[in-house]
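Here is the structure we will look at.
The values are calculated or read from the model by the stated rules, or taken from the named source; none is laboratory data. Please read all numbers here as calculations on a predicted model, not as lab measurements. Glycine gets a Cβ as well: all are built from the backbone with ideal geometry, and neighbour counts include every protein chain shown. SASA here: full protein model, heavy atoms, side chains in, ligands and nucleic acids out. Shrake-Rupley method; radii C 1.70, N 1.55, O 1.52, S 1.80 Å.
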Amino acid sequence: MVQEPCSISLPQKRYYRQRAHSNPIADHCFDYPAHPDNVNWQEFYPNITPDQHVEFADIGCGYGGFLVTLGEMFPDRLAIGLEIRVKVSDYVMDRIKALRTLHQGKYNNIACLRTNAMKYLPNYFRKAQLDKMFFLYPDPHFKRAKHKWRIINQALLSEYAYVLRKGGLVYTMTDVEDLHNWIVQHMEKHPLYERLTDEEEKTDPITPKLYHSSEEGTKVVRNKGDHFLAIFRRI
Amino acid sequence: MTTLLYSDPELVIALNKKVIFVNPNDLQIFKEIELPEDLYALGLKASNNLTEPSELAAEKSEEKCEQSKVSKKLKHVKIEPPSILHVKLSPDNRLCAVTTSGQKAVLLYQCRPEQAKLVSVRPLARASSVITFSPDSKVLLVTDKSGDCYKYDCENDEEEPQLLFGHFSIVYDLVWTPDSKYIVTCDRDDKIRVTNYPATHDIHGYCLGHQEFVSALAFLDEDTIISVSGDKTLRLWDFKNGRELTMLELPAPGLRLCLRATGENKLEAAVLLYQPDECIALYELTKSDTSKWLVKERQILRIPGVIVNSICFINKNLYASGIVDEHFTLRVFNVDGCESKVSGDWIKVIEEQFKTEVWKPEDVSAWFKKRFDNVSDYLERKKRRIEEKQK
Ligand SMILES: C[S@@+](CC[C@H](N)C(=O)[O-])C[C@H]1O[C@@H](n2cnc3c(N)ncnc32)[C@H](O)[C@@H]1O
């Protein structure tokens with residue numbers, strides 16, 4: 001892989017801009033492992049121990065802002081960001097490398113993987129492996145014809161339930177009310193999820209960190225009324 | 001599409017508009033089904049209503065959307081006659097299910113020894129890819145090109161088809177354990193999935209290892225399945241634990257599979273291969289005293305000049321249907337070394353039945369993954385940018 005010389009500073013986003021929406025259904029040139037056994041996690045987490053495995057997955061991690069936060073909040077647990085766009089995922093990879101160089105011994109618990117999360121989760125993760133999944137500011141795909149591109153639907157929810165352990169949590173956050181309603185409706189209809197109570201949602205230590213998107217332009221934290229949070233438990 | 005299947009005592013052959021049920025020994029025709037021309041007149045409702053409640057259906061790819069727009073427009077102009085996609089007989093032999101394209105529908109026929117009576121016509125969201133009855137014959141599952149699996153109740157025609165689960169690419173085969181507890185499916189994304197039944201929202205597990213489309217599945221015993229794939233392998237799986245047991249190289253990509261018992265703990269498998277002429281490979285499967293299955297290649301059958309599309313065993317004979325010059329042909333092989341009792345004249349009589357039907361072979365090359373590289377270019381540009389900066 002080509003790498004930014006890392007003696008210097010963090011990578012600059014202007015080199016990594018890319019059209020916002022890739023088609024998640026078309027074939028791509030993804031190299032994916034045939035089986036989770038075939039993944040060499042050492043390449044992602046240099047200090048990984050044999051009994052450690054990825055527990056947190058940020059689906060569609062964008063430029064990785066939240067992934068970095070997650071790494072700081074949970075230094076002993078491994079988090080992965082999944083991102084479909086070539087340049088954007090490459091930005092996150094370079095960003096993590098730079099962070100590791102700038103802060104020796106830190107950020108070894110986060111990594112980014114370029115893949116299509118709608119197709120290849122079972123290729124990377126075993127049944128009940130994940131403890132938390134994050135769907136933060138997913139692409140809304142407003143047009144009805146493009147609803148199929150939405151990262152939440154009945155069939156995908158079954159697949160997420162497969163990689164999540166019982167009691168694991170799914171965090172969803174969006175600033176599009178329509179999409180929020182869609183997510184809640186589908187999650188509540190699915191027999192393997194239940195929504196946390198308001199109280200539980202409020203007191204989760206991760207909640208305050210979910211209020212800003214790492215996508216460009218949406219960096220500004222708006223007032224909370226514009227954000228729609230919903231957290232679900234895998235049952 | 002043609003179908004060739006055996007359901008004791010009948011060999012069933014279907015193509016375009018007609019299904020015939022014949023005695024496999026003398027190829028005498030027991031009965032036949034001719035599809036009605038206009039299914040809408042028989043109460044078929046336009047299929048778009050069916051997909052409405054579930055956006056999952058929306059998983060279909062962009063171009064399909066376009067297609068359906070086009071076909072909706074066409075519908076007003078002229079009604080395309082229905083054409084057979086798939087045919088299955090229920091395990092109790094009392095029902096025959098037929099899916100159609102053109103006018104997309106699921107037809108159920110009640111089978112009597114000398115005739116078949118149409119009992120229901122229900123909408124089909126998209127062209128079917130596999131159809132399978134439940135072991136108790138009460139339910140029909142239909143998977144479609146987008147990976148969705150719908151359940152059709154065979155006892156209550158009024159009940160709406162119900163979406164049970166979805167893959168993210170076309171499903172090529174579906175088998176149901178005899179105890180009804182698991183549905184095993186395989187798809188174009190190299191996956192074999194084991195889904196719980198009736199709790200179909202709950203994925204029991206995957207059997208992963210294939211590296212191309214998985215085209216066919218069959219049970220060897222209650223814990224073991226066999227699969228064939230475009231990656232030129234045949235594999236055996238402990239499917240409840242998602243564990244690969246054995247792998248064997250095939251001479252070419254595998255497209256279809258059929259089995260016959262040759263003794264106690266002994267089976268023979270025929271694999272239809274994606275290559276001209278030498279297109280069927282036979283394997284012997286033996287279960288050892290330690291319950292391990294051993295696979296041995298037996299022989300390759302040559303069928304020069306025929307694009308074989310369907311195969312099935314009937315006792316010691318292997319029947320293969322295919323295309324020569326866009327027309328139906330049937331071949332019968334004895335795989336046990338003795339003479340096949342099926343005479344060439346009888347086969348001609350069957351081929352006559354489909355003489356007027358034109359049948360174009362499916363382009364199987366489209367099953368393989370199309371790889372395109374959207375990374376190298378980007379990395380090359382990045383490298384240059386970095387080099388420039390360093391100057
Ligand atoms: C609107 S952005 C949000 C990014 C980030 N989560 C945030 O909060 O700022 C959605 C991201 O999901 C990615 N994405 C969309 N579909 C995906 C898929 N099937 N697999 C992986 N990533 C996907 C997009 O490329 C995009 O970067």
Legend entry - Number of positions in the stretch A:176-205 that are within 14 Å of chain B (Cβ to nearest Cβ) and assigned to a loop (DSSP other than H, G, I, E, B): 3
Legend entry - Any chance A:Leu70 is within 11 Å of another protein chain (Cβ to nearest Cβ), more than 8 Å from the ligand (Cβ to nearest atom), out of contact with any His (no Cβ under 7 Å at 6 or more places or on another chain) and open to solvent by less than 10 Å² (accessible area, probe 1.4 Å): no
Inset, instruction - Identify, by number, the condition in (1) within 14 Å of chain A (Cβ to nearest Cβ); (2) touching a strand residue (DSSP E or B) at 6+ places or on another chain (Cβ under 9 Å); (3) of a type outside the set (S, T, N, Q); (4) surrounded by fewer than 20 Cβ atoms within 10 Å (Cβ to Cβ) that B:Asp221 doesn't meet. - result: (1)
Inset, instruction - Please enumerate the residues belonging to the stretch A:73-88 that are outside any strand (DSSP E or B) and either near the ligand (Cβ under 9 Å from one of its atoms) or at pLDDT 95 or above (or both). - result: A:Met73, A:Phe74, A:Pro75, A:Asp76, A:Arg77, A:Ile84, A:Arg85, A:Val88
Legend entry - Filtered residues of the stretch B:133-171 (kept if modelled with pLDDT of 95 or more, farther than 23 Å from B:Gly43 by Cα and of a type in the set (Ser, Thr, Tyr)): B:Ser134, B:Ser137
Inset, instruction - Filter the stretch B:360-377 for residues that are in contact (Cβ under 8 Å) with a residue 24 or more places away in the chain and within 11 Å of chain A (Cβ to nearest Cβ) and give the result. - result: B:Phe368, B:Lys369
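Report yes if B:Glu380 is surrounded by fewer than 16 Cβ atoms within 10 Å (Cβ to Cβ) and within 14 Å of another protein chain (Cβ to nearest Cβ), otherwise no.
yes
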Inset, instruction - Filter the stretch B:340-369 for residues that are within 17 Å of B:Lys18 (Cβ to Cβ), open to solvent by less than 90 Å² (accessible area, probe 1.4 Å) and part of a loop (DSSP other than H, G, I, E, B) and give the result. - result: B:Phe354, B:Glu357, B:Val358, B:Trp359
Inset, instruction - Return the residue satisfying two criteria in turn: it lies in the stretch B:162-178 and is within 16 Å of the chain's Cα centre (by Cα) and in a strand (DSSP E or B), and of such residues it is nearest to the other protein chains (Cβ to nearest Cβ). - result: B:Val171
Inset, instruction - Scan the stretch A:206-235 residue by residue and report those that are within 11 Å of the ligand (Cβ to nearest atom), modelled with pLDDT under 65 and either surrounded by fewer than 16 Cβ atoms within 10 Å (Cβ to Cβ) or not in a loop (DSSP other than H, G, I, E, B) (or both). - result: A:Glu216, A:Gly217, A:Thr218, A:Lys219
Inset, instruction - Give the stretch A:145-171 a look and list any residue that's in contact with a Pro (Cβ under 8 Å, 6 or more places away or on another chain), closer than 24 Å to B:Leu208 by Cα and within 16 Å of the ligand (Cβ to nearest atom), or say none. - result: A:Ile151, A:Ile152, A:Glu159, A:Val163
Inset, instruction - Output the number of the condition that B:Lys296 fails; it satisfies all remaining conditions of (1) part of a loop (DSSP other than H, G, I, E, B); (2) more than 25 Å from B:Ser7 (Cβ to Cβ); (3) away from every other protein chain (no Cβ under 14 Å). - result: (1)
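Among the residues of the stretch A:176-201 satisfying the criterion of being β-branched (Val, Ile, Thr) and at pLDDT 95 or above, which is most open to solvent (accessible area, probe 1.4 Å)?
That would be A:Thr197.
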Inset, instruction - Working only within the stretch A:145-175, note down all residues that are more than 17 Å from A:Pro191 (Cα to Cα), more than 8 Å from chain B (Cβ to nearest Cβ) and open to solvent by 10 Å² or more (accessible area, probe 1.4 Å). - result: A:Lys146, A:Trp149, A:Ile151, A:Asp175
Inset, instruction - Filter the stretch A:110-144 down to residues that are away from the ligand (no atom under 14 Å from the Cβ), assigned to a loop (DSSP other than H, G, I, E, B) and free of Cβ contacts under 8 Å to residues at least 60 places away in the same chain and give me whichever is surrounded by the most Cβ atoms within 10 Å (Cβ to Cβ). - result: A:Lys127
Inset, instruction - Sort out which residues of the stretch A:45-54 are away from the ligand (no atom under 16 Å from the Cβ) and either surrounded by 19 or more Cβ atoms within 10 Å (Cβ to Cβ) or within 14 Å of another protein chain (Cβ to nearest Cβ) (or both), and write them in order of number. - result: none
Legend entry - Test set (1) open to solvent by less than 70 Å² (accessible area, probe 1.4 Å); (2) touching a Lys or Arg at 6+ places or on another chain (Cβ under 6 Å) - B:Asp336 fails condition number: (1)
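Can you confirm whether B:Tyr152 is touching a strand residue (DSSP E or B) at 6+ places or on another chain (Cβ under 7 Å), more than 10 Å from every other protein chain (Cβ to nearest Cβ) and open to solvent by 30 Å² or more (accessible area, probe 1.4 Å)?
So B:Tyr152 fails the test.
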Inset, instruction - Hey, could you check the stretch B:294-318 for residues that are open to solvent by less than 40 Å² (accessible area, probe 1.4 Å) and farther than 28 Å from B:Met247 by Cβ and say which is modelled with the highest pLDDT? - result: B:Val306
